[in-house]
1. Need one number: nm distance between label points at residue 165 and residue 200, each 7 Å from Cα along Cα→Cβ, rounded to one decimal.
2. Would you kindly state how much longer the chain becomes between residue 172 and residue 54 on full extension, computed as 0.36 nm times their sequence separation minus their alpha carbon distance, in nm to one decimal?
3. Could you check how much of the accessible area of the stretch 35-110 is carbon and sulfur, as a whole percent, using a 1.4 Å probe?
4. Dividing the alpha-carbon radius of gyration of the stretch 74-152 by 2.2 N^0.38 Å (N being the number of residues), what value is obtained?
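The values are calculated or read from the model by the stated rules, or taken from the named source; none is laboratory data. All of these numbers come straight from a predicted model, not from anything done at the bench. Heads up, the Cβs are rebuilt from the backbone with ideal geometry, glycines too, and the neighbour counts pull from every protein chain shown. For the accessible areas, the whole protein counts, side chains as well, though only heavy atoms, and no ligand, DNA or RNA atoms are used. Shrake-Rupley method; radii C 1.70, N 1.55, O 1.52, S 1.80 Å.
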Amino acid sequence: MLLTSAALCALPACALAPATARAQARPAAVAPAVDDEGRGDNARATRLYREGNEAFKQKRWSDAELLYLKAWALVRTFDIAANLGEVQIQLNKARSAAAFLAFALRTAPPSTKPEQIARIRHFLDEAKAQVGTLRVRVKNATDAEVFVDSERVPDEEVKHEIYVEPGERTLVIRRAGYEDEVVRLVAAAGVTETVMPELKPKAVKAPEASEAGAARQGTAAAKAPGAGGATGAAAKGEAKTKAPAARARVEEGRSWVPVIALGAASAVGLGVAVGFTVAANGAKADGEAQQAAIWNAPGACVDAISAYADACKELRKTGARADTFANTARVAYVASGALAITAATYALWPRDKGSGAAGRVLAVPLLHASGAEMILTGAW
């Protein structure tokens, strides 16, 4: 919605020549009276525009910019854009000023005085001398979106000119159905550059055949003439069902050789342990009988007389033999139990279907003065 020229015709110093316009820096007379009590955006924009003109005359540039921006948010007219662009020139905001002044020049009505057009063009040239100008013309997509340094450019500017700060800039040109076009360039102040890309259509992926469609095709092929009849189709279907899937891992049966070997070794160890236990008990009984005979003589093995020297020596041998048998029995018991546990674990432990490692068991016996140990490690 545009304001009438009677409402917002007062461009700053519209009667002055462009060369002296910035030196004077004052708005023209306030626009003819407008009914401020009227309702709607026009009335509010007119009031803000007048207040902006007052701030302009007092060179309160920031206040004038704020008031003009508020009026612009309500109604976008060429005279608000022209005054706003001129204020932003004073505030060293050349890029934004160029956009507003270009809009004012494009949308100025035929009734605009030549002096006003000349003033707008004068300040637009001044702003464009400080910024880079880009013209984006996409060959195969006139409605593509343009982003400069990740900021979307309004469509109004894309259709005409885009003003950017000097330096390295990244343009992204985007449209649905096409691949993004990325253009990197160096913008120079006062230089106009035209970018004319051609977007590449995105590759369309062919839809994958569904399993249902594949099944239907298979059924049709089976029923087709020359397919080998119903019996042949059934045989082929059964063969396909029983065949392992591609890359499928066929689970091998569990080997019972380690279980049997470990069980047998455990039984042998148990037998050895029992045998050495009996031998140790017998040797211990012999030692006790020999000791009793010496003590009942009476006698002793400490500083024993020659009559008891041989008996005491035999008693020591018997005691040593009993200890050896007992220790060996302990080792055999431990080994037998460990082997039995290992066999049971191997037989009952769930197998890792993804592992192809064969079972391995390592047994290490340890003997020391206070007893015996058996260390078993395994992997399957």
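1. It works out to 3.2 nm between the two label points.
2. 38.3 nm
3. Reported share for carbon and sulfur atoms: 47 percent.
4. Output field value: 1.22.
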